[in-house]
1. Has segment 21-44 got any residue that is within 20 Å of Ser151 (Cβ to Cβ) and either of a type in the set (A, V, I, L, M) or under 13 Å from the mean Cα position of the chain (by Cα) (or both)?
2. Can you name the residue in segment 123-146 that is of a type in the set (Gly, Ala, Ser) and under 9 Å from Val160 (Cα atoms) and is also nearest to the chain's Cα centre (by Cα) among such residues?
3. Taking segment 148-162 as the search range and keeping residues that are assigned to a strand (DSSP E or B) and under 12 Å from Arg69 (Cα atoms), which one is farthest from the chain's Cα centre (by Cα)?
4. Among the strands (runs of 3 or more DSSP E) contained in segment 1-116, which hold 1 or more residues that are crowded, with 17+ Cβ neighbours inside 10 Å, touching a His at 6+ places or on another chain (Cβ under 8 Å) and without any contact (Cβ under 8 Å) to a residue 60 or more places away in the chain?
5. I'd like to know if segment 130-146 contains one or more residues that are in contact with a Leu (Cβ under 6 Å, 6 or more places away or on another chain) and farther than 15 Å from Phe56 by Cα.
6. Take the residues in segment 166-182 that are closer than 12 Å to Ala98 by Cβ and of a type in the set (A, V, I, L, M); name whichever of them is surrounded by the fewest Cβ atoms within 10 Å (Cβ to Cβ).
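Only the coordinates and a few stated rules stand behind these numbers; no lab work does. Predicted model only: the values in this text are computed from it and were never measured. FYI the Cβ positions are ideal-geometry reconstructions off the backbone, even for glycines, and counts take in every protein chain you see.
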Amino acid sequence: MKYFTKNLVAAANDWIEQTGEEHRQAEKQFWSTVEDYHRELEGLKSRVSRPAWNFFRHGFARYGLHDARLLSLRVGDGLDYVPDGTSPFRLNRQRTSARIEFLNYEQDFHYLFELRGVRRVQSDLFIDEEISEGSIGDLFTYELTAVDKESLQLGFLFAVGASIIIQFRRLVFRRRRIKRKYKEGEMYR
């Protein structure tokens, strides 16, 4: 993560042992980092769709992914290929892509990030059973940044410290409202 590292966020949220003055300084550093990130996002406005840019710039709280859950992460050269024998897998024509799906905390929005022209995938997914009881757990934060004039980077940081960082050329972003047919309390059973 370029801006929102685990140490920065943990200190600003007072999750580590520190003095009151250290906490105030960490909060100040956090908000300065948010301003720096917003400046970078301004420069990315023409490189992603309007819904994607609005999500990264204004998607927080109810319309963001804090405490969301990772539904799936898929990376490969043939995500749309069906290996049923009816058509060949064209060996030299495939492009690596990735799909990442999240369900927001309230379980009423499904988010899909499709990354095309993937250049690099870096992932450190692990389970901290003390925090997440056997799952990857809550998404902590995320960011969209520039790698260079052609490529972007999408990063996700989970509360356990696990991360997913992918460099790519094109982002397809979709958010779909889900009409929940169950009571909110049922998600905790």
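1. yes
2. Gly137
3. First, the residues of segment 148-162 that are assigned to a strand (DSSP E or B): 152-158.
After this cut, where a residue has to be under 12 Å from Arg69 (Cα atoms) as well, the list is 156-158.
Numbers: Phe156: 4, Leu157: 7, Phe158: 9 Å.
Taking the candidates together, the pick is Phe158.
4. Working: elements: 69-76, 97-103, 109-116.
Where strands (runs of 3 or more DSSP E) fall fully within segment 1-116 and carry at least 1 residues being crowded, with 17+ Cβ neighbours inside 10 Å, touching a His at 6+ places or on another chain (Cβ under 8 Å) and without any contact (Cβ under 8 Å) to a residue 60 or more places away in the chain, they are 97-103.
5. Scanning segment 130-146 turns up at least one residue that is in contact with a Leu (Cβ under 6 Å, 6 or more places away or on another chain) and farther than 15 Å from Phe56 by Cα.
6. Filtering segment 166-182 for residues closer than 12 Å to Ala98 by Cβ gives 166-172.
Now drop any that are not of a type in the set (A, V, I, L, M), which leaves 166, 171-172.
Details: Ile166: 23, Leu171: 21, Val172: 14.
Selected residue: Val172.
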